[in-house]
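The structure appears right after this line, and notes come after that.
Bear in mind that the values in this text are calculations on the coordinates, not laboratory data. All values reported here derive from a predicted model rather than from experimental measurement. Quick reminder, even Gly has a Cβ in these numbers, built from the backbone with ideal geometry, and neighbours come from all protein chains shown.
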Amino acid sequence: MLTATDLWKTYNGTDVVRGVTCHVGAGEILGFLGPNGAGKTTTVGMMYGGVLPTRGEVRFGELRLPQQGREARASMGIVTQEDNLDPDFSVYYNLVVFANHYGFSRDQARHRADELIERLGLKEHRDHKPDDLSGGLKRRLVLARALLNRPRLVFLDEPTTGLDPDSRQGFWKLVSELRDEGCGLILTTHYMDEAQRLSDRLILMQQGKLVDEGTPAELIQRVIGGEVVECEGIDEAILREISDRTGAWLRPFGQGWLMSIDPAHRQETLTRLESTPGSVITPRPSNLEDVFLRLTGDQL
Amino acid sequence: MSTNADQMTAAARSESAPTADHKFPEPIVSRLPSWPYAVFSVWRRHAIVYSRTWLINFLPPVTEPIFYLLAFGYGLSPMVGEFVVGGQKMSYLKFIGPAMIAVGVCFQGFFESAYGSFIRLRFQRTWHGLLTGPLGFREIFLGDLFWAATKGMIAGVVTGLVVLMLGQISFMGLLFTLPFIVLGSFMFASIGMMTAGFVKNIDQINVPVFLFMIPMFTFSGTFFPRDNLPPILAFIASWLPLAQLVDLIRLPVVYDPTWPMDLAGLIVWTVVTSIIAYRVIFRQVFK
């Protein structure tokens, strides 16, 4: 559905996006995971025509972006990071007035606005102005606005940043429903749990570059293996010796160290670590944060 | 021809058809509105905002030129008496009437675009919100420009009606000035949008207001004929956009044979400033 090829963006001589290529299809959630400043928002901006690429190509079906941005965005829904809602209009009128831009008739606009208000749980707030809404409700209203024309592809740029856990859960549910309806989704996030839970495929980004790509499970298995252990109070030399012998991977982590566990040497590794006096060890299943740490040396 | 179009649509569909058993959501409106409609829908958005707050937004700016007209017109007339302009004898009220129409156009067109567009660009980020819909930069820019021009026209026409009621311009005379009110509104809307594109924060708008708008308001032959000024000052003043608009709107009262020059000046100002405005704002939005 949407294919981006070799996207580059340069601001004042600095390359903030460097050669990103990706594809998203119908009924699929493509996640972009990376720390703040990795170039996720700029990359996604180029995909809907909100940022002009310095180089590269974006195709949405038969349409080229940014040249045919208007045509493309008629079947895209975009939730930007900022809430650029109309402060002078109620929730309802934010939707009705925006629907005009798609060419809705008055009845279509009113009907669709009420439908989305109902679906996104904004009914009690129908006549409230955006300034009276909590962060979570504002995000829902931006999503409702993006869904007005039943888009084929939805962009969610850090949709849950700053939301409380309840609101995040609610938002995730809506995102999964959209996917099940056949919508393609592009999601950027710096939350590991969000990326892991929602993405069908994940792109890891750092300093404007695509670092790795795959399903969350694939990435974890390929890059780290199934299990890691967090170690505190153990001398680096001992850890190095274990990791060299078992082929495990080792990184500084918080106050201590993080080490991958090779399944073939699991028992041996854990026994050795536990027997070290003063050690505090926590074995746990590996996650995307570990993948990121391994690939980039950076924490999310 | 229709077969060709159908084939193209079919090709587009099959090209982007999902391979899995997913079904695309069907859009509610599948035909993209024409770009003039898109400009209109942006304009209409601004008009709806305005209609909700019109008492606060409408009254103060429109009353400004009317107060000048009444205060200076009635206040100074007894002291000035009748005087001769362009070989024609007239009262002071009659002299400043058309100028106040031009001032209404100038202030409303400029302030709506300078402040209004700036706020929509930087504070409310309305432009960025609109860009997530099926609108391009061109449509949003023109929608803003047309809206600021509309406000200039409203102020010009309302002031004109007051001048008409005071008996200082004929109905035909007022009708004659309408094209100039329209053109002048676009000119000041463009100048305002250029300002909105250049300034970095809202306080900086004071710079063109105090160094350009206020001097222009006083030197453009609004309150006295420019011929009263020292020749160099009069020459510079005659190139100000408001001076050209004042001369054109004053035509039904004072015939000025150089009006084609004024008209050409107005068109040049409008075209040049709107192109500059388009470019600076484009750079700002897509920087």
Task: Beta bridges per DSSP with both ends in chain A, % antiparallel, nearest 5 - done: 65
TODO: Given the options A:Gly56, A:Gly256, A:Gly19, state which has the largest fluctuation in a GNM of chain A using a 10 Å cut-off (strictly under) for Cα springs.
DONE: A:Gly256
Open item on the list: Modelling each spin label as a point 7 Å along the Cα-to-Cβ direction, I'd like the B:Leu76/B:Phe210 distance in nm, to one decimal.
Closed with: 2.4
TODO: Springs between alpha-carbon atoms under 10 Å, Gaussian network over chain B: tell me which of B:Val49, B:Val163, B:Val182 tops the mean-square fluctuations.
DONE: B:Val49
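At a threshold of 8 angstrom on Cα-Cα distance, excluding pairs fewer than six apart, so keeping six or more, what relative contact order does chain A reach in percent? Before the final figure, lay out the partial values.
Numbers: 560 pairs, mean separation 62.9, N = 300.
In percent, rounded to a whole number, it is 21.
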TODO: Rank the residues A:His23, A:His190 as a footprinting-exposure proxy: fewest other Cβ atoms within 10 Å of their Cβ go first.
DONE: A:His23, A:His190
Open item on the list: Please report the spacing between the Cα centers of the stretch B:151-177 and the stretch A:99-142 in Å, no decimals.
Closed with: 42
Task: Estimated dipole of the protein assembly as shown in Debye, rounded to 20 [Cβ of Lys and Arg +1, of Asp and Glu -1, Cα centre] - done: 1700
- [ ] Work out the length of the dipole vector of the stretch A:90-206 about its Cα centre, built from +1 on the beta-carbon of each Lys and Arg and -1 on the beta-carbon of each Asp and Glu, and round it to the nearest 20 debye.
- [x] 340
Open item on the list: Which of A:Asn36, A:Asn84, A:Asn12 ends up with the largest GNM mean-square fluctuation for chain A, with Cα atoms connected below 10 Å?
Closed with: A:Asn12
TODO: Please name whichever of A:Met46, A:Ile78, A:Ser90 sits farthest to the positive end of the charge dipole of the stretch A:34-139, dipole taken about the Cα centre and charges placed at Cβ: Lys and Arg +1, Asp and Glu -1.
DONE: A:Met46
Task: Count of Lys pairs (Cα-Cα under 26 Å; at least 8 positions apart or interchain) in the protein assembly as shown - done: 19
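Net charge near B:Tyr115: determine it from the other residues with C-beta under 14 Å of the C-beta of B:Tyr115, scoring Lys and Arg +1 and Asp and Glu -1.
On the way: positive: B:Arg120, B:Arg122, B:Lys151; negative: B:Glu112, B:Asp144, B:Asp203.
Local net charge: 0.
If you rank A:Trp8, B:Trp43 by fewest surrounding Cβ atoms within 10 Å, what's the result? List each step's numbers first, then the result.
Numbers: A:Trp8 16, B:Trp43 19.
Arranged by neighbour count, lowest to highest, A:Trp8, B:Trp43 become A:Trp8, B:Trp43.
Could you list B:Lys200, B:Lys94 in order of exposure, starting from the residue whose Cβ has the fewest other Cβ atoms within 10 Å? Provide the component values of the computation, followed by the final result.
Details: B:Lys200 8, B:Lys94 22.
Arranged by neighbour count, lowest to highest, B:Lys200, B:Lys94 become B:Lys200, B:Lys94.
Assign unit charges at the C-beta atoms only (+1 for Lys and Arg, -1 for Asp and Glu), then state the dipole size of the stretch A:216-290 relative to its Cα centre in Debye, rounded to the nearest 20.
Details: 7 positive and 13 negative charges, 23 e Å.
My answer is approximately 120 debye.
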Task: FRET efficiency estimate (nearest 0.05) - Cβ-Cβ, A:Gln67 to A:Asp6, R0 22 angstrom - done: 0.85
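Evaluated at 25 °C with a viscosity of 0.890 mPa s, what Stokes-Einstein diffusion coefficient in µm²/s does chain B have when Rh comes from the Kirkwood expression over alpha-carbon pairs? Don't jump to the answer; show the numbers that get you there.
Numbers: Rh = 20.9 Å.
Translational diffusion coefficient: 117 µm²/s.
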Task: DSSP beta bridges in the protein assembly as shown [antiparallel fraction, %, rounded to 5] - done: 70
